[in-house]
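This report refers to the structure that appears directly beneath it.
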Protein chains: 2
Amino acid sequence: MAAGGWPDCVQSLKGVILDMCGVLYDSGEGDGVAIPGSVEAVKRLKASNLQLRFCTNETQASREKFVAKLQRLGFDISVCEVFSPAPAAVSVLKHRGLRPHLLVHDGLLPEFDGVDKTNPNCVIIGDAAENFSYQNLNDAFRVLIGLEKPVLFSLGQGRYYKETDGLKLDVGVYMKALEYACDLEAEVIGKPSAAFFNSVLSDMGIQPQEALMIGDDLVNDVGGAQRCGMKGVQVRTGKYRPSDEKHPTVTADGTVDDLARAVDTILNQRGQ
Amino acid sequence: MAAGGWPDCVQSLKGVILDMCGVLYDSGEGDGVAIPGSVEAVKRLKASNLQLRFCTNETQASREKFVAKLQRLGFDISVCEVFSPAPAAVSVLKHRGLRPHLLVHDGLLPEFDGVDKTNPNCVIIGDAAENFSYQNLNDAFRVLIGLEKPVLFSLGQGRYYKETDGLKLDVGVYMKALEYACDLEAEVIGKPSAAFFNSVLSDMGIQPQEALMIGDDLVNDVGGAQRCGMKGVQVRTGKYRPSDEKHPTVTADGTVDDLARAVDTILNQRGQ
């Protein structure tokens with residue numbers, strides 16, 4: 001490992017950002033299950049002198065409901081520590097004076113409660129799952145094609161994810177569909193967008209080189225963080241595949257078996 | 001107009017290929033309506049010494065049902081004169097020993113009656129309309145992602161089309177979605193694929209420079225034909241837009257108000 005790489009880099013760290021699904025827990029029936037050792041690992045990080053934030057592209061539930069689920073799984077996490085695309089989108093809408101047509105999961109709607117949705121001048125898509133019907137996609141398309149300057153926001157750009165009953169198409173697939181239909185490029189809100197990572201760094205008040213991202217998604221977690229100047233470590237849980245360790249364009253600063261091992265290494269290296 | 005361009009080029013023509021929807025008729029309630037003068041124009045072409053074929057990306061009905069509709073609208077057309085993507089796909093499947101998983105309109109299924117669909121090793125998508133549900137798209141995706149060498153055929157690559165109740169997303173949009181999900185490139189069967197146009201030329205036994213394509217779709221009809229070495233003329237009916245006449249990459253050899261005017265010019269120029 002080169003100097004300044006993992007695990008040497010942890011000496012100069014001031015903050016850690018954790019991906020959630022596939023790092024803290026595996027989704028599935030009901031709340032899913034905590035990944036062994038991860039509840040304890042979060043506890044140990046919180047007791048250290050490192051700042052800690054959580055960063056997810058989850059868009060099937062409001063942050064409140066999502067955090068409540070994590071708490072039921074045993075994690076000591078509060079809403080203000082969690083960064084997800086919907087609140088970031090609400091902030092972008094306010095800043096730019098945009099009124100959205102929403103094609104999202106029913107569970108995400110509460111995040112947009114206070115937002116003016118009359119006479120929409122942009123479209124927001126999230127992981128809408130069953131709501132991605134032909135009719136709903138046509139409706140979103142017609143809003144876009146009717147705008148002089150169509151604006152499409154996509155809450156993440158994932159290809160697919162795994163649930164207990166099999167692989168499911170993710171929001172990125174429908175983003176590509178609408179991009180082609182309207183001949184435009186969507187603005188991605190969430191990982192791996194630099195604006196999204198930077199908002200987390202800004203909340204911690206630290207520089208990119210002082211932060212480490214730990215995730216199971218090589219491209220969106222690790223690669224996205226690295227492009228912002230952070231270090232990125234991949235865990236061999238969640239959607240990790242052995243082929244990630246010889247990926248053509250993204251090389252993690254380190255690869256560890258799970259979050260517990262990552263936290264062991266970080267705290268040992270720092271003598272905590 | 002340059003020498004060899006429209007309408008001079010019609011002197012050396014041996015065959016004409018007509019697009020159907022937007023050139024012969026406009027779709028809508030029931031059978032739709034014939035475009036004024038087009039029934040007579042087809043009759044005049046048939047009485048000339050030019051060969052005539054019809055070429056459509058229609059994939060919501062079998063050729064038999066589609067041709068029956070055109071006959072009800074008054075057109076003298078028979079099934080063997082019509083080239084559409086589904087029969088071309090069946091021929092590709094046989095040639096390459098492939099068994100399809102179908103994501104198509106119910107009306108298109110009879111075209112694939114004799115085709116082995118057990119244990120599929122490729123996916124075919126057509127303009128499935130309401131059949132483009134989240135569940136059905138997931139099913140097609142899972143077949144592809146489970147194959148060692150995933151093969152996706154798309155019956156056309158249109159972005160959208162107009163029906164009486166508004167714009168509707170076309171098959172190309174879902175092609176892009178599955179391409180992104182599986183990180184592959186689909187093989188397009190139908191216009192503007194060169195293989196598709198060449199099969200029509202081959203059926204007429206003529207060379208590309210002896211053929212003229214007349215269509216309302218600048219990119220898929222006119223541009224596709226031109227890339228094969230044919231001449232391409234656009235009609236100002238169907239999905240024609242004035243902006244087509246200053247398109248950045250495709251310039252029609254000629255633009256005429258409708259099929260009747262095109263046929264007037266062709267036959268006058270040839271002294272027929």
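Here are the numbers for this structure:
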item: Which numbered condition residue B:75 fails, given (1) in the same structural domain as residue B:36 (by TED's automatic domain parsing); (2) within 28 Å of residue B:137 (Cβ to Cβ); result: (2)
item: Options B:156, B:166: the member that is on the phi > 0 side of the Ramachandran plot and at pLDDT below 95; result: B:166
item: Candidates A:235, A:222, A:171, filtered to the one that is more than 14 Å from chain B (Cβ to nearest Cβ) and either touching a residue at least 60 places away in the same chain (Cβ under 8 Å) or among the aromatic types (Phe, Trp, Tyr) (or both); result: A:235
item: Selection count where residues are β-branched (Val, Ile, Thr), under 28 Å from residue A:86 (Cα atoms) and surrounded by 19 or more Cβ atoms within 10 Å (Cβ to Cβ), scope the stretch A:1-38; result: 4
item: Number of the condition not met by residue B:220 [criteria: (1) out of contact with any Ser or Thr (no Cβ under 9 Å at 6 or more places or on another chain); (2) in the same structural domain as residue B:252 (by TED's automatic domain parsing); (3) surrounded by 22 or more Cβ atoms within 10 Å (Cβ to Cβ); (4) modelled with pLDDT of 95 or more]; result: (4)
item: Any helices (runs of 4 or more DSSP H) falling wholly within the stretch B:1-105 and containing at least 1 residues that are in contact with a Pro (Cβ under 7 Å, 6 or more places away or on another chain); result: B:63-72, B:85-96
item: When residues of the stretch B:105-114 are limited to those that are of a type in the set (Asp, Glu) and more than 17 Å from the chain's Cα centre (by Cα), the one least open to solvent (accessible area, probe 1.4 Å); result: B:106
item: Helices (runs of 4 or more DSSP H) fully within the stretch A:181-272 counting 2 or more residues that are under 16 Å from the mean Cα position of the chain (by Cα); result: A:194-204, A:224-227
item: Selected residue [over 19 Å from residue B:56 (Cα atoms) and either open to solvent by less than 20 Å² (accessible area, probe 1.4 Å) or among the small types (Gly, Ala, Ser) (or both)] from B:200, B:256; result: B:256
item: Some residue of the stretch A:117-135 being more than 30 Å from residue B:163 (Cα to Cα) and either of a type in the set (Gly, Ala, Ser) or within 14 Å of chain B (Cβ to nearest Cβ) (or both); result: no
item: Members of the stretch A:147-168 found to be touching a residue at least 12 places away in the same chain (Cβ under 8 Å), in a strand (DSSP E or B) and at the interface with chain B (Cβ under 10 Å from one of its Cβ atoms), listed by number; result: A:160, A:168
item: Flag for residue B:95 being touching an Asp or Glu at 6+ places or on another chain (Cβ under 9 Å) and open to solvent by 30 Å² or more (accessible area, probe 1.4 Å); result: no
item: Restricting the stretch B:118-146 to residues that are assigned to a loop (DSSP other than H, G, I, E, B) and open to solvent by less than 30 Å² (accessible area, probe 1.4 Å), the residue that is nearest to residue B:91 (Cα to Cα); result: B:126
item: Identity of the residue in the stretch A:147-183, over 19 Å from residue A:238 (Cβ atoms) and of a type in the set (Lys, Arg), that ends up surrounded by the most Cβ atoms within 10 Å (Cβ to Cβ); result: A:176
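Residue-wise test of (1) open to solvent by 70 Å² or more (accessible area, probe 1.4 Å); (2) under 19 Å from residue A:213 (Cβ atoms).
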residue: A:61; (1), (2): no, no
residue: A:84; (1), (2): no, yes
residue: A:102; (1), (2): no, no
residue: A:116; (1), (2): yes, no
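The values are calculated or read from the model by the stated rules, or taken from the named source; none is laboratory data. This structure is a prediction, so every number in the text was calculated from the model and none was measured. Methodologically, a virtual Cβ is constructed for each residue, glycine included, from the backbone with ideal geometry; neighbour enumeration extends over all protein chains shown. Surface accessibility is based on the protein's heavy atoms, side chains included, excluding ligands, DNA and RNA. Shrake-Rupley method; radii C 1.70, N 1.55, O 1.52, S 1.80 Å.
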